[in-house]
Amino acid sequence: MLAYRVDALNHDPASAPYLVHILLDEGGELLGRIGCHAAPDEAGEVEIGYFVRETARGRGIAGRAVDQFLVWLQDNGVTKLKATARPDNNASIKILRRRGFVEVGSQIDPEDGLELVFQRRLGAGIV
């Protein structure tokens, strides 16, 4: 993942604010990360991804992070979101569906295999 992000920064340094946001608890413990695969495209679309360490799961951290990140993305001009989840990742699928993401298809990722593809729009009053 790090090489992928470094390549993205080398290609487009302005994408830095979108790439990785670290999730920490009040004591500074690393809980996970959230970010986009790249800066928004010409249509204002980004693909988001998130990860919570196994020891921090089940506490609503990913859901709260997604909620806050969607507000930030909307405030920064993003209008359309994409996210993917493995079909067996019920927790992530639930997070996406609860936040208005709709399953629109599937794809084969070279690293993760079969993924479900979700999309949703952002706009005034939609977050």
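Every number here is computed from the coordinates shown, using simple stated rules; none is lab data. This is a predicted model, so every value here is computed, not measured. Positions of Cβ are backbone-derived with ideal geometry, glycine not excepted, and every protein chain shown enters the neighbour counts.
Which one is surrounded by the fewest Cβ atoms within 10 Å (Cβ to Cβ) among residues in segment 23-40 that are more than 15 Å from the chain's Cα centre (by Cα) and of a type in the set (D, E, K, R)?
So, considering only residues that are more than 15 Å from the chain's Cα centre (by Cα) and of a type in the set (D, E, K, R), the one surrounded by the fewest Cβ atoms within 10 Å (Cβ to Cβ) is 26.
Could you give every pair whose Cβ atoms fall below 6 Å, whose first residue belongs to segment 85-103 and is within 8 Å of residue 118 (Cβ to Cβ), and whose second residue is part of a helix (DSSP H, G or I), counting only separations of at least 6 or pairs across chains?
Here the result reads 85/92; 85/93, each pair linking segment 85-103 to a residue that is part of a helix (DSSP H, G or I).
Name the helices (runs of 4 or more DSSP H) wholly inside segment 12-116 in which the number of residues that are aromatic (Phe, Trp, Tyr) is 2 or more.
Those helices (runs of 4 or more DSSP H) span 61-75.
Could you list, in sequence order, the residues of segment 42-79 that are of a type outside the set (A, V, I, L, M), under 24 Å from residue 29 (Cβ atoms) and under 13 Å from the mean Cα position of the chain (by Cα)?
Within segment 42-79, 49, 50, 51, 63, 64, 67, 68, 69, 72 qualify.
Somewhere in segment 41-64, is a residue surrounded by fewer than 12 Cβ atoms within 10 Å (Cβ to Cβ), touching a strand residue (DSSP E or B) at 6+ places or on another chain (Cβ under 9 Å), under 17 Å from residue 120 (Cα atoms) and of a type in the set (A, V, I, L, M)?
Yes, there is a match, as at least one residue in segment 41-64 is surrounded by fewer than 12 Cβ atoms within 10 Å (Cβ to Cβ), touching a strand residue (DSSP E or B) at 6+ places or on another chain (Cβ under 9 Å), under 17 Å from residue 120 (Cα atoms) and of a type in the set (A, V, I, L, M).
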